[in-house]
Amino acid sequence: MATLELIGFGSTGWGAFLLLGALLTLCVTATALAIGAVLGAIIAAAKLSSNVVLVTTGHIYTTVFRGVPELLIIYLIYFGGSSAVTAIGQSMGYEGFLGLPSFAAGALAVGIISGAYQAEVYRGAYNAISKGELEAASAIGMHRGLRFRRIIIPQVLRLAIPGLGNVWQLSLKDSALISVTGLAELMRSSQVAAGSTRQYFLFYIVGGALYLILTSLSDRAFNGAERKANRSMPASAMGQA
């Protein structure tokens, strides 16, 4: 069978299957990034606090989830979580194995990993805010909530964009590991297509090319967002950052 037919969109082609896998990869990565954003913000706030317990907890979280292999975390969430759900189900009278949905388990695992990296991005962005700007806000009578909404959040988001772009790329590549749970994302789709046709080199090359396209488009999107955010900031704030 011709190469173009194999990667095409006809009845014998795998093109649509691979594109669906790429779309699922984007969905699981976006979900993981959203989960990581919530966790990262909480951990960053903990590490920036003056409470020793919170600071220590934040350090433990970032150290563990940046140091333990991503695949191990995915195994722990998927298989460990499934075992826990099965045990709970059996205690309530259900029989058999109850597995976690592959998408949910994979997104949660990558999100937890992403949260560890995003915490450091947010912490670094906060520390980069000019202290004089915060002092000036206090001097003119801005209460804590207004200062947080008007100064801290806009500045942190602007300064965090480059780092978040790197975290997105990391999560996008980590999503390939979710294939071990059976989720038909891009890596798994490439494996299925390669195994079904015995054209391993072809489909892994195509899968790699699709990953490169996704990362390249993502990089351009984050660079565009950074330029837009910088243009929207007053010149004085740009000079102080």
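Just so it is clear, none of the values below were taken in a lab; they were calculated from the coordinates. Fair warning: this is a prediction, and the values are worked out from it, not measured in the lab. Here Cβ is always computed from backbone atoms with ideal geometry, including for glycine, and neighbour counts include all displayed protein chains.
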| said: Just to be sure I understand the rule: take each whole DSSP H helix in the chain, project its Cα atoms onto its long axis, keep it if the span is 27 Å or more and its mean Kyte-Doolittle hydropathy is at least 1.0. Which ones pass? | reply: 15-48
| said: Of the candidates 95, 120, 70, which one comes out as most mobile in a Gaussian network treatment of the chain with C-alpha springs shorter than 10 Å? | reply: 95
| query | For the range 129-212, what does the equivalent ellipsoid look like in terms of its semi-axes, each the square root of 5 times an eigenvalue of the Cα gyration tensor, given largest first in whole Å? | reply | 49, 12, 7
| task | Let me know the whole percent of all Cα-Cα pairs from the range 171-210 that are separated by more than 17 Å. | result | 25 percent
| Positive dipole terminus of the chain, leading residue within 11, 101, 41 (C-beta point charges) | 41
| query | Separation of the range 101-154 and the range 3-44 by C-alpha centroid, Å? | reply | 27 Å
| query | What residue among 82, 114, 189 shows peak mean-square fluctuation when the chain is described by a Gaussian network model with Cα springs under 10 Å? | reply | 82
| said: Quick check: from the Cα gyration tensor, does the chain come out rounded (a/c under 1.5), prolate or oblate? | reply: oblate
| Give me the log10 of I(q) over I(0) for the range 1-131 at q = 0.10 Å⁻¹, as the Debye formula computes it from C-alpha points; what are the numbers? | -0.51
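How high is the relative contact order of the chain, in percent, counting Cα pairs under 8 Å that sit 6 or more residues apart?
Averaging sequence separation for qualifying contacts and normalising by length gives 26 percent for the chain.
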| message | Let's see if you can work this out: charge +1 on each Lys and Arg Cβ, -1 on each Asp and Glu Cβ, no other charges. What is the dipole magnitude of the chain about its Cα centre, in debye to the nearest 20? | response | 820 debye
| request: Would you look at the GNM of the chain, springs on alpha carbons closer than 10 Å, and say which of 223, 166, 51 moves the most? | output: 51
| query | aspartates and glutamates near residue 228 by alpha-carbon distance under 17 Å, same-chain residues fewer than 8 away left out - which ones? | reply | 219
